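Read the structure below first, then the notes.
The values are calculated or read from the model by the stated rules, or taken from the named source; none is laboratory data. If you're wondering where the values come from, they're calculated on a predicted model, not measured in any experiment. Don't worry about glycine lacking a Cβ; one is built from the backbone with ideal geometry, like all the others, and counts go over all protein chains shown. Just so you know, the surface numbers come from the protein's heavy atoms only, side chains and all, with ligands and any DNA or RNA stripped out. Shrake-Rupley method; radii C 1.70, N 1.55, O 1.52, S 1.80 Å.
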Amino acid sequence: MTEIRNTWTRQEIAEIYNTPVLDLIYQAATIHREFHEVGEVQVCTLLSVKTGGCPEDCAYCPQAARYHTNVKVHKLLEVDEVLGKAREAKDSGSTRFCMGAAWREVRDNRDFDKVIDMVKGVNAMGLEVCCTLGMLTHEQATKLKDAGLYAYNHNLDTSEDFYGDIISTRTYNDRLETLENVRQAKISVCSGGIIGMGEKETDRIGMLHTLATLPEHPESVPVNALVPVEGTPLELQEKVSVWEMVRMIATARIIMPKAMVRLSAGRVRMNLEEQALCFLAGANSIFAGDKLLTTPNPGYVKDSEMFQVLQLKPRPSNKPVHA
Ligand code: SAM
Ligand code: DTB
Ligand code: SF4
């Protein structure tokens, strides 16, 4: 029996991360089998409910107002439109629906009231409803929970050391505080990061260390490969090798065995074999549909082909369906 620990040291995590890669995959696959149904992959759908014009300066992000990207600014969508998209996502096999807003933080205004209605509506469809809206206070987290929010995504993105090189408009501690507010409101925590931003291996290990030593592990850990977007400071970053994705995923799987590890942004630049390695290394969730928030994603046709070839099964929802 593998024990769940939040006492990992950096040294231990570094040793796991640097294990010869085939052995690392084997170890991760073994732990994956102990905690999860092999071959089951959760299918989630993302929707950008408020796009662009964000005051933050996240160097990777096409939605930051200060960079000149091709993203078209759009105010908060109407509740009915969002519920229509959630219904489509459910009909195409998604069990989780995540609404993203290009906000620095949630404000207590009419827009937040609308998001609350979106959460209620999506929850009533029996989907795991998730939001990613920036920083949250304890009260706002409680309001979202009362509306039926299942999970909240708030990424650490990288290590505390490297954070200032990527974002200057908020601190690592701001991030951790929101995660604590979410946890206290008894909302499921989704938090991970991005590789390929110019960080060192020690930054990747540092981020995994912070996540794995939280009082409780996040239930969901997204691993994103940077999608370089023209106009952002990171537009010219080189693509990371699949082995780096595999090492991140496998290490996350070994140190946080129960978590859903999400193979998130970056799949458009991975072939089927590369994605298969990620599933073998312990990834058990993807985002479906031809768009993430603003950037392209493989789309249903390619993914259903992948599910067929790899004989993957969509993972049932983590919450009881009642609609
Ligand atoms: N504004 C909110 C926030 O920052 O928490 C929510 C939306 S934000 C777009 C959600 C996450 O998307 C970021 O934390 C980051 O990890 C990821 N992301 C944004 N742009 C990305 C990119 N170009 N490549 C990979 N991941 C990206
Ligand atoms: C996460 O870690 N990845 C998703 C989700 N959480 C919100 C977002 C990826 C965004 C990629 C860039 C874009 O499409 O705008
Ligand atoms: Fe804004 Fe979020 Fe993009 Fe940062 S990642 S610029 S906070 S939308």
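Residues of the range 44-81 that are within 13 Å of ligand 3 (Cβ to nearest atom) and either at pLDDT below 95 or among the hydroxyl-bearing types (S, T, Y) (or both): S48, T51, Y60, Y67, T69. What do you reckon, is T294 of a type outside the set (D, E), within 16 Å of ligand 3 (Cβ to nearest atom) and within 19 Å of the chain's Cα centre (by Cα)? The answer is yes for T294.
Return the residue satisfying two criteria in turn: it lies in the range 143-160 and is farther than 14 Å from S191 by Cβ and under 21 Å from the mean Cα position of the chain (by Cα), and of such residues it is farthest from ligand 3 (Cβ to nearest atom). Among those residues, the one meeting the criterion is G148. Scanning the range 156-171 for residues that are open to solvent by 10 Å² or more (accessible area, probe 1.4 Å) and without any contact (Cβ under 8 Å) to a residue 24 or more places away in the chain turns up G164, T171.
Within the set D111, D117, the sole residue that is open to solvent by 20 Å² or more (accessible area, probe 1.4 Å), under 29 Å from T171 (Cβ atoms) and away from ligand 2 (no atom under 16 Å from the Cβ) turns out to be D111. Report yes if E139 is open to solvent by 20 Å² or more (accessible area, probe 1.4 Å) and more than 30 Å from L280 (Cα to Cα), otherwise no. So E139 passes the test. Scanning the range 104-126 for residues that are under 21 Å from the mean Cα position of the chain (by Cα), closer than 15 Å to K143 by Cβ and within 16 Å of ligand 1 (Cβ to nearest atom) yields E105, V106, V115, M118, V119. The condition (being within 16 Å of ligand 3 (Cβ to nearest atom) and of a type in the set (D, E, K, R)) is satisfied by just one residue among E230, E244: E230. A count restricted to the range 1-35 and to residues that are exposed (fewer than 12 other Cβ atoms within 10 Å of the Cβ), within 17 Å of V242 (Cβ to Cβ) and of a type in the set (A, V, I, L, M, F, W, C) stands at 1.
Only one of the numbered conditions (1) farther than 24 Å from A151 by Cβ; (2) within 13 Å of ligand 2 (Cβ to nearest atom) is violated by L46, and that is (1). Would you confirm whether any residue within the range 55-75 is of a type outside the set (S, T, Y), closer than 24 Å to T171 by Cβ, within 15 Å of ligand 1 (Cβ to nearest atom) and without any contact (Cβ under 8 Å) to a residue 60 or more places away in the chain? So far as the range 55-75 goes, yes, one or more of its residues are of a type outside the set (S, T, Y), closer than 24 Å to T171 by Cβ, within 15 Å of ligand 1 (Cβ to nearest atom) and without any contact (Cβ under 8 Å) to a residue 60 or more places away in the chain. Selection of the range 185-205 for residues being within 16 Å of ligand 3 (Cβ to nearest atom), closer than 25 Å to K145 by Cβ and either open to solvent by 10 Å² or more (accessible area, probe 1.4 Å) or in contact with a Ser or Thr (Cβ under 6 Å, 6 or more places away or on another chain) (or both) yields C190, G193. Here I205, I249, I195, I187 are screened, and the one residue that is over 30 Å from N123 (Cα atoms) and within 16 Å of ligand 2 (Cβ to nearest atom) is I195.
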